[in-house]
1. Which members of segment 256-307 meet the condition of being under 19 Å from R240 (Cα atoms), of a type outside the set (A, V, I, L, M) and either part of a helix (DSSP H, G or I) or in contact with a strand residue (DSSP E or B) (Cβ under 6 Å, 6 or more places away or on another chain) (or both)?
2. So, in segment 109-154, exactly how many residues are assigned to a helix (DSSP H, G or I) and among the aromatic types (F, W, Y)?
3. Could you count how many residues in segment 66-103 are more than 20 Å from A41 (Cβ to Cβ) and of a type in the set (A, V, I, L, M, F, W, C)?
4. Take F61 and decide whether it is among the aromatic types (F, W, Y), modelled with pLDDT of 95 or more and out of contact with any strand residue (DSSP E or B) (no Cβ under 7 Å at 6 or more places or on another chain).
5. Would you pick out the residues in segment 123-145 that are within 17 Å of the chain's Cα centre (by Cα) and either under 27 Å from D108 (Cβ atoms) or basic (K, R) (or both)?
6. If you go through segment 18-40 one residue at a time, do you hit one that is farther than 21 Å from V165 by Cβ, in contact with a strand residue (DSSP E or B) (Cβ under 9 Å, 6 or more places away or on another chain) and of a type in the set (V, I, T)?
7. Just a yes or no: is a residue in segment 87-108 acidic (D, E) and touching a residue at least 40 places away in the same chain (Cβ under 8 Å)?
8. Checking the condition surrounded by 16 or more Cβ atoms within 10 Å (Cβ to Cβ), in contact (Cβ under 8 Å) with a residue 24 or more places away in the chain and either under 23 Å from the mean Cα position of the chain (by Cα) or over 25 Å from E8 (Cβ atoms) (or both), which residue from L238, L244, L249 passes?
Amino acid sequence: MARPLRIEYPGACYHVMNRGDRRQNIFRVDADRILFLDVLASTCAKTQWQVHAYCLMSNHFHLVLETPGGNLVAGMKWLLGTYTMRFNRKHCYSGHLFGGRYKAQLIDETAPGYLRTAADYVHLNPARAGLLGAGQELATYPWSSYPAYLSSPRKRPAWLRVDRVLGEHGIQRDDARGRREFRRRLESQRQTTQASDLAVMRTGWRLGGEDFLDRILEKWDGKLREHHGGKEKLETDLERGRRLVASELARSGWTAKQLATERKGHAVKVAIAQRLREETTMPLKWIAAELHMGTWTHLNRLLHHAK
């Protein structure tokens, strides 16, 4: 069976979900969830993603995210690959952690209500899974973005964006009163949500209005192909990587020839490689080849010692 096409464009929103291989746990202890959120924070810094909601269960996770750069695939490759590598190293495992491809359901980013529907679905996940008793509030589950929505802005991670979901709930101010209203709405939904209301989130590859498909096709077949290098499309990570290398070479007074002839472990090369790792999702193999630093394993050792 052919794999479904990953549709990407600047400003696209998604409900992303992935499970452990053979439904095994991807979070064995709470420290694993903290590790995942750390990797998610790094991914957002590299890709400029905006996360609107998340929920970490035992054998799967949910994300509702927005991609200003139209770079879901590159970001997910970094997120899943980096978390798997660190999880395996921590627990002395090897091999696959996640089972198959992640689900990426496109969300209508322009019509009101659909982003709210996806975020509410994610925030209510612990209650649907039976992890909360009848007397426990939704906010007592610590591994979702819902408690952060009820906290003051200074206590939230910088990569979590709450204003759009609050706005679609009709809550215009992110203050104590607005947060109390948000709590009331979610607790009410917890009691009244029907199975039929959830079906739209569990099936299909898109969530949106009747004209959403037309708008997707227009973006996919039109602007992104005709204006690949224009202002309408943000630069890809490959372009960002090459621009960064050129900028660093100019700042260091190096030429492309010098980059190719200087020793593999030169401090200038290591510094450029560090920036590429911090600010892009380009893999070690690409960085090593681009900077003439030998094998990716050699580069990995250089970066480890440079920390």
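1. First, the residues of segment 256-307 that are under 19 Å from R240 (Cα atoms): 256, 259, 268-292.
With the extra rule that they be of a type outside the set (A, V, I, L, M), the set shrinks to 269, 274-275, 277-281, 283, 285-286, 290, 292.
Residues satisfying the conditions are K269, Q274, R275, R277, E278, E279, K285, W286, E290.
2. Summing the residues that are assigned to a helix (DSSP H, G or I) and among the aromatic types (F, W, Y) in segment 109-154 gives 4.
3. Of the residues in that region, 1 qualify.
4. No; evaluated as a whole, the condition is false for this residue.
5. If the condition is that a residue be within 17 Å of the chain's Cα centre (by Cα) and either under 27 Å from D108 (Cβ atoms) or basic (K, R) (or both), then H123, S144, S145 are the ones that fit.
6. Yes: one or more hits.
7. Checking segment 87-108: at least one residue is acidic (D, E) and touching a residue at least 40 places away in the same chain (Cβ under 8 Å).
8. L244
The values are calculated or read from the model by the stated rules, or taken from the named source; none is laboratory data. Everything quoted here is computed from the prediction, not taken from an experiment. Note: ideal-geometry Cβ built from the backbone for every residue, glycine included; neighbour counts use all protein chains shown.
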